[in-house]
Amino acid sequence: TGQKPPKDFRDIPICPTSKEIISQERPFLRENILKGGYHDAEHYLDVQFRLLREDFLEPLREGIYETTHNVPRALRNQLMKSYQGVRIIGKEFTSSGTIHTAKFDVSKFGATSWTHSKKLIFGSLLCLSKDNFETMLFATVANRDPEYLEKGIFDLRFIEEQNIFDIEKRKDQYRMVESPAYFEAYRHVLKGLKELHENNLPFKKYLVECCGDVDPPEYLRREDGYPVYYDLSEALHVQDGTRVPVLDSKAWPPVEVLPLNSSQLEALKTAVTTEFSVIQGPPGTGKTYVGTKIVRCLLDNRQ
């Protein structure tokens, strides 16, 4: 946990490299701190970036290992989707960059319903190899049309900085696997973490220093000490909620007259009166419902 990282995490590419996938060497990782604070923002960001990146990389690394070592399907941890006889048959320049058209051997997919299938969904990370994954090319699904997929045709976008010059003229055949972890969900968060640093990380007081005393939001703090009143009548469907001094918990309408149970009301009050709060609960407990009420409270009281 106390080790210094070998290099700045911002220099680590978001996309994996062939070397990382083949290597069985463990990457540098530090545990997420569950109790107490981090040394500083840099420590926090480094730990989160590396753990999150490894979270999507490990299933791909393990899946390719199981594929290349012919581990029987029943014994595999990762159920990789695999495609044979993949060829790059064309390329197109679009406003968002170059995309290539690929064709795979669809005869192995029998009666797959491509309209409802989770295979080759937009943004999925693909790994192509013509030498049993000793070398690899990485791409993401750029376009999927069920009618074309029935013929084994779809569009992909190669991750930048790879040698793909004239690949559509090369006549090479590839074996392709699709990452079990959905890359698109990770990519944007990892990119965002790279752009944060000591001076622009929000909520540092809570995320990094883990301070338990949470302040009211800035827009409820008034220099003259005069309370801020909210109109909660619309959000909470109550008539006597037109002038509520928000920071005075006892002045809120009682739970009996509200379309909320007591823990939902507690969550709503906390979210509206603190600058940082976490609402958690199992499915069906009304997190989204409470979320809409919070937004309603804020929108109704923009003035």
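The values are calculated or read from the model by the stated rules, or taken from the named source; none is laboratory data. Computed from a predicted model, the values in this text were never measured in an experiment. Here the Cβ positions follow ideal geometry from the backbone for every residue, glycine too, while neighbour counts run over all protein chains shown. Keep in mind that these areas ignore ligands, DNA and RNA; they rest on the heavy atoms of the full protein, side chains included. Shrake-Rupley method; radii C 1.70, N 1.55, O 1.52, S 1.80 Å.
Is one or more of the residues making up region 70-92 aliphatic (A, V, I, L, M), open to solvent by 50 Å² or more (accessible area, probe 1.4 Å) and closer than 25 Å to Asn200 by Cβ? Lay out the reasoning, then the answer.
First, the residues of region 70-92 that are aliphatic (A, V, I, L, M): 71, 74-75, 79-80, 86, 88-89.
Subsequent filtering for residues that are open to solvent by 50 Å² or more (accessible area, probe 1.4 Å) retains 74-75, 79, 89.
From what is left, the residues that are closer than 25 Å to Asn200 by Cβ are none.
No, there is no match, as no residue in region 70-92 is aliphatic (A, V, I, L, M), open to solvent by 50 Å² or more (accessible area, probe 1.4 Å) and closer than 25 Å to Asn200 by Cβ.
For region 142-160, which positions are touching a residue at least 24 places away in the same chain (Cβ under 8 Å) and either more than 18 Å from Trp114 (Cβ to Cβ) or part of a strand (DSSP E or B) (or both)?
Listed by number, the residues that qualify are Ala142, Asn143, Ile153, Phe154, Asp155, Leu156, Arg157, Phe158, Ile159.
Within region 291-303, how many residues are touching a Leu at 6+ places or on another chain (Cβ under 9 Å) and either surrounded by fewer than 16 Cβ atoms within 10 Å (Cβ to Cβ) or free of Cβ contacts under 8 Å to residues at least 60 places away in the same chain (or both)? Break it down into steps so the answer makes sense when it comes.
We begin by selecting, within region 291-303, every residue touching a Leu at 6+ places or on another chain (Cβ under 9 Å); these are 293-294, 296-297, 300-301.
Checking the rest, the ones that are also either surrounded by fewer than 16 Cβ atoms within 10 Å (Cβ to Cβ) or free of Cβ contacts under 8 Å to residues at least 60 places away in the same chain (or both) come to 293-294, 296, 300.
Matching residues across region 291-303 total 4.
Pairs under 9 Å by beta carbon, first residue of a type in the set (Lys, Arg) in region 17-45, partner modelled with pLDDT under 90 and open to solvent by 40 Å² or more (accessible area, probe 1.4 Å), six or more apart or different chains?
From region 17-45, the pairs are Arg30/Thr1; Arg30/Gly2; Arg30/Gln3.
Could you say which residue among Thr288, Thr273 is surrounded by 16 or more Cβ atoms within 10 Å (Cβ to Cβ) and either within 22 Å of Phe203 (Cα to Cα) or among the polar types (S, T, N, Q) (or both)?
Values: Thr288 fails: surrounded by 16 or more Cβ atoms within 10 Å (Cβ to Cβ).
Checking each option against the conditions leaves just Thr273.
Restricting the search to region 90-101, which residues are over 24 Å from Thr67 (Cβ atoms), in contact with a strand residue (DSSP E or B) (Cβ under 6 Å, 6 or more places away or on another chain) and not hydroxyl-bearing (Ser, Thr, Tyr)?
Answer for region 90-101, where residues must be over 24 Å from Thr67 (Cβ atoms), in contact with a strand residue (DSSP E or B) (Cβ under 6 Å, 6 or more places away or on another chain) and not hydroxyl-bearing (Ser, Thr, Tyr): Gly90, Lys91, Glu92, Ile99.
Looking at Thr17, is it of a type in the set (Ser, Thr, Tyr), out of contact with any helix residue (DSSP H, G or I) (no Cβ under 6 Å at 6 or more places or on another chain) and surrounded by fewer than 17 Cβ atoms within 10 Å (Cβ to Cβ)? Quick ask: steps written out before the conclusion?
Details: of a type in the set (Ser, Thr, Tyr): yes; out of contact with any helix residue (DSSP H, G or I) (no Cβ under 6 Å at 6 or more places or on another chain): yes; surrounded by fewer than 17 Cβ atoms within 10 Å (Cβ to Cβ): yes.
Here the answer is yes, as Thr17 does meet what is asked.
Can you tell me which residue is least open to solvent (accessible area, probe 1.4 Å) among those in region 112-154 that are acidic (Asp, Glu) and farther than 22 Å from Ile64 by Cα? Explain how you work it out, then say what you get.
So the first thing to find is which residues in region 112-154 are acidic (Asp, Glu), and the list is 131, 134, 145, 147, 150.
Within this subset, residues satisfying the condition of being farther than 22 Å from Ile64 by Cα are 145, 147, 150.
Details: Asp145: 61, Glu147: 135, Glu150: 118 Å².
Among those that are acidic (Asp, Glu) and farther than 22 Å from Ile64 by Cα, it is Asp145.
Return the pair list, or none, for Cβ contacts closer than 6 Å from residues in region 100-119 that are among the hydrophobic types (A, V, I, L, M, F, W, C) to residues that are assigned to a loop (DSSP other than H, G, I, E, B), at least 6 apart or on different chains.
Listed pairs, sorted by first residue: Phe104/Gly152; Val106/Gly152; Trp114/Glu150.
Look through Leu265, Leu236 and report the one residue that is without any contact (Cβ under 8 Å) to a residue 24 or more places away in the chain and crowded, with 17+ Cβ neighbours inside 10 Å.
Numbers: Leu236 fails: without any contact (Cβ under 8 Å) to a residue 24 or more places away in the chain.
Among Leu265, Leu236, only Leu265 is without any contact (Cβ under 8 Å) to a residue 24 or more places away in the chain and crowded, with 17+ Cβ neighbours inside 10 Å.
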